[in-house]
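The values are calculated or read from the model by the stated rules, or taken from the named source; none is laboratory data. Note that the structure is a prediction, hence the values are computed from the model and not measured. Cβ placement follows ideal geometry from the backbone for every residue including glycine, while neighbour counts extend to all protein chains displayed.
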2 protein chains.
Amino acid sequence: MHILLTNDDGIYAPGIASLASALAPVAEITVIAPDRERSATGHAITMHKPLRVDEVELAVEGGGIKGLAVNGTPSDCVKIAVKALLPQPPDLIISGINRGPNLGTDILYSGTVSAAIEGILFDIPSLAVSLASFNPCSFTTAAQVTRIIVEQIKDRTLPARTLLNINIPPLDFQELRGIRVTKLGFREYENIFEERLDPWGKVYYWMSGDVVDRDEDLEDFDTAAVRKGYVSVTPVHFDLTNYALLEEVKDWKLSLETNKGE
Amino acid sequence: MHILLTNDDGIYAPGIASLASALAPVAEITVIAPDRERSATGHAITMHKPLRVDEVELAVEGGGIKGLAVNGTPSDCVKIAVKALLPQPPDLIISGINRGPNLGTDILYSGTVSAAIEGILFDIPSLAVSLASFNPCSFTTAAQVTRIIVEQIKDRTLPARTLLNINIPPLDFQELRGIRVTKLGFREYENIFEERLDPWGKVYYWMSGDVVDRDEDLEDFDTAAVRKGYVSVTPVHFDLTNYALLEEVKDWKLSLETNKGE
């Protein structure tokens, strides 16, 4: 099995190094990732400047794992890997391990998840993997969990055009309560903007905020599952059509007529 | 009615100026948009540098329409507008008029659509509007169409958490064949990467490509509707959960057990 690894924390991040180390014994690994941190880039792609690719060595204990650093976004990395750099498409794409959760509505902003969406746009089975903590902590357990999941799904046909979005609580392996298959929760932020004055008296704003999860504490939402110590696995697709409303909007009978006579 | 306008081509772009001019007679308009072009930024947000806001004058014929320029992405603009700059949320958010189509799977990359998604995340009715041409052409017809649609929907309750993604063919008003309510098509790109050598013999890549629409020429896809001269209106939501596959993935009985004894 040939696995392409990418991420949005940059090719030198410890999360991708841990993942590469954990998977190297069971698969052929290629690492193609951004040359620096690209968090919160969403699904940005790079069309207005050229992309460059450089061979680098990953921050793996003991060394020895090489990768290709791209001066672009996570989505760029998957596109250029599949369409220009690799002789044939990989069997699986894994984006991660991200430092910090990618849960609920927040996946809209996630470079990690967007890279996996690129994978399924190319019909390549893809996973997005995140460690649900911003604190300095080990990726060892998260890498071990990812390997366990990869071994369980490798003989399955992943559903077409659907990725698995995996979030792992920041716990020791023995403390994990199990795996929950979940739907995406709704994350709201309070106090998003902090207004400050610069040394010259001019206003500027920092975006941050405190997260509030709208999940009624139900474990079938990813946000609640992770909070309660479960590994969350959500099937995610990319079709944003609201099919349930197609007929309703058709019934509005929108028309260009009203103004045609003017 | 108070309408917030934003875009991803930048506050000085002609598309937002045309829209502001067309809507000014029927609504109170506030323009809060990026200080420069931010195309293909997807749903990126700015968390690692501060945001600044400056009052500027739009590129409107005759002048007189002011706006606020933000050194961030389209999504940043909606967030900071709603949560920091406006005394109360607007009645409607319109993102556009974008120069170039936002159709099918391409909306994943769209700053224009992402700004409208921010709107519905805040439960504010939102539209994304795009003129389906990259050629220099007038936004007058697209602005007129947008106004007609706004007047038809202003007394309706837009469905919760759903935006309308509107694409307008680059035709004269009289040539438009009508409005179609559509689902998102699937856009593929061929020859995505062009490999070149720089003056020092080092490889670099341009991302571009030729679009191929997988829509079987059916007008219920947005891509085909616009190609055939219809204004396309697609209800778009933000929940990427693949509900149809939840039970199937649950049936896999993923588990952490295999490795627990190791």
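Number of residues in segment A:30-44 that are surrounded by fewer than 23 Cβ atoms within 10 Å (Cβ to Cβ) and either at pLDDT 95 or above or under 21 Å from B:I192 (Cβ atoms) (or both): the value is 2.
Regarding B:D8, is this residue touching a strand residue (DSSP E or B) at 6+ places or on another chain (Cβ under 8 Å), within 14 Å of another protein chain (Cβ to nearest Cβ) and among the charged types (D, E, K, R)? Taking the combined requirement at face value, the residue satisfies it. Every test in (1) within 18 Å of the chain's Cα centre (by Cα); (2) without any contact (Cβ under 8 Å) to a residue 40 or more places away in the chain; (3) at the interface with chain A (Cβ under 10 Å from one of its Cβ atoms) is passed by B:I153 save one, and that test is (1). If the condition is being touching a Lys or Arg at 6+ places or on another chain (Cβ under 9 Å) and in a loop (DSSP other than H, G, I, E, B), then segment B:215-224 contributes B:D215, B:D217, B:E219, B:D220. Inside segment B:15-54, can you point out the residues that are assigned to a helix (DSSP H, G or I), over 29 Å from A:K202 (Cα atoms) and not small (G, A, S)? Answer for segment B:15-54, where residues must be assigned to a helix (DSSP H, G or I), over 29 Å from A:K202 (Cα atoms) and not small (G, A, S): B:L19, B:L23.
Looking across segment A:75-88, the residues that are more than 8 Å from every other protein chain (Cβ to nearest Cβ) and touching a His at 6+ places or on another chain (Cβ under 9 Å) come down to A:L86, A:Q88.
Yes/no matrix, rows are residues, columns are (1) touching a Cys at 6+ places or on another chain (Cβ under 6 Å); (2) at pLDDT below 95; (3) farther than 25 Å from B:L245 by Cβ; (4) hydrophobic (A, V, I, L, M, F, W, C):
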| residue | (1), (2), (3), (4) |
| --- | --- |
| A:V211 | no, yes, yes, yes |
| A:D215 | no, yes, no, no |
| A:D220 | no, no, no, no |
| A:G229 | no, no, no, no |
| A:N242 | no, no, no, no |
| A:N259 | no, yes, yes, no |
| A:E262 | no, yes, yes, no |
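Every condition in (1) touching a residue at least 24 places away in the same chain (Cβ under 8 Å); (2) over 18 Å from the mean Cα position of the chain (by Cα); (3) part of a loop (DSSP other than H, G, I, E, B) holds for A:L68 except the one numbered (3).
Here is a yes/no grid of residues against (1) at the interface with chain A (Cβ under 7 Å from one of its Cβ atoms); (2) assigned to a loop (DSSP other than H, G, I, E, B); (3) surrounded by 13 or more Cβ atoms within 10 Å (Cβ to Cβ):
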site	(1), (2), (3)
B:Y189	no, no, yes
B:Y204	yes, no, yes
B:D213	no, no, yes
B:V226	no, no, yes
B:V233	yes, no, yes
B:F238	yes, yes, yes
B:K250	yes, no, yes
B:K253	no, yes, no
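Can you find a residue in segment A:111-120 that is more than 9 Å from chain B (Cβ to nearest Cβ) and part of a loop (DSSP other than H, G, I, E, B)? Within segment A:111-120, not a single residue is more than 9 Å from chain B (Cβ to nearest Cβ) and part of a loop (DSSP other than H, G, I, E, B). Within segment A:169-180, can one find any residue that is facing chain B (nearest Cβ under 7 Å), crowded, with 17+ Cβ neighbours inside 10 Å and in contact with a Gly (Cβ under 9 Å, 6 or more places away or on another chain)? Scanning segment A:169-180, I find at least one residue that is facing chain B (nearest Cβ under 7 Å), crowded, with 17+ Cβ neighbours inside 10 Å and in contact with a Gly (Cβ under 9 Å, 6 or more places away or on another chain), so the answer is yes.
Among residues that are of a type outside the set (S, T, Y), over 22 Å from B:A17 (Cα atoms) and under 10 Å from the mean Cα position of the chain (by Cα), B:L127 is not included. Filtered by the rule that a residue be surrounded by 20 or more Cβ atoms within 10 Å (Cβ to Cβ) and not in a loop (DSSP other than H, G, I, E, B), segment B:129-146 gives B:V129, B:S130, B:L131, B:T141, B:A142, B:A143, B:V145, B:T146. Tell me which residues, restricted to segment A:177-187, are in a loop (DSSP other than H, G, I, E, B) and touching a residue at least 60 places away in the same chain (Cβ under 8 Å). Passing the criteria: A:L184, A:G185. Looking across segment A:78-103, the residues that are over 13 Å from A:I124 (Cβ atoms) and crowded, with 16+ Cβ neighbours inside 10 Å come down to A:I80, A:A84, A:L85, A:G96, A:I97, A:N98, A:R99, A:G100, A:P101, A:N102, A:L103. Of all residues in segment A:191-202, which are at the interface with chain B (Cβ under 8 Å from one of its Cβ atoms) and either of a type in the set (F, W, Y) or not in a strand (DSSP E or B) (or both)? Listed by number, the residues that qualify are A:I192, A:F193, A:K202.
Set side by side, the residues B:W206, B:W200 differ, and just one is touching a residue at least 12 places away in the same chain (Cβ under 8 Å), closer than 30 Å to A:N71 by Cβ and hydrophobic (A, V, I, L, M, F, W, C), which is B:W206. Over 30 Å from A:D106 (Cβ atoms) and in contact (Cβ under 8 Å) with a residue 60 or more places away in the chain, is that true of B:I168? It is true that B:I168 is over 30 Å from A:D106 (Cβ atoms) and in contact (Cβ under 8 Å) with a residue 60 or more places away in the chain.
When segment A:121-144 is limited to residues that are within 11 Å of chain B (Cβ to nearest Cβ) and not aliphatic (A, V, I, L, M), the one that is nearest to A:T157 (Cα to Cα) turns out to be A:D123. The set of residues in segment B:215-224 being more than 10 Å from chain A (Cβ to nearest Cβ) and without any contact (Cβ under 8 Å) to a residue 60 or more places away in the chain consists of B:E216, B:D217, B:L218, B:E219, B:A224.
Per the conditions (1) within 17 Å of A:G229 (Cβ to Cβ); (2) at the interface with chain B (Cβ under 7 Å from one of its Cβ atoms), the sole criterion not satisfied by A:K183 is (1). Taking B:A244 as the residue in question, decide whether it is aliphatic (A, V, I, L, M), more than 7 Å from chain A (Cβ to nearest Cβ), farther than 22 Å from A:S114 by Cβ and free of Cβ contacts under 8 Å to residues at least 60 places away in the same chain. No: the conditions fail for B:A244.
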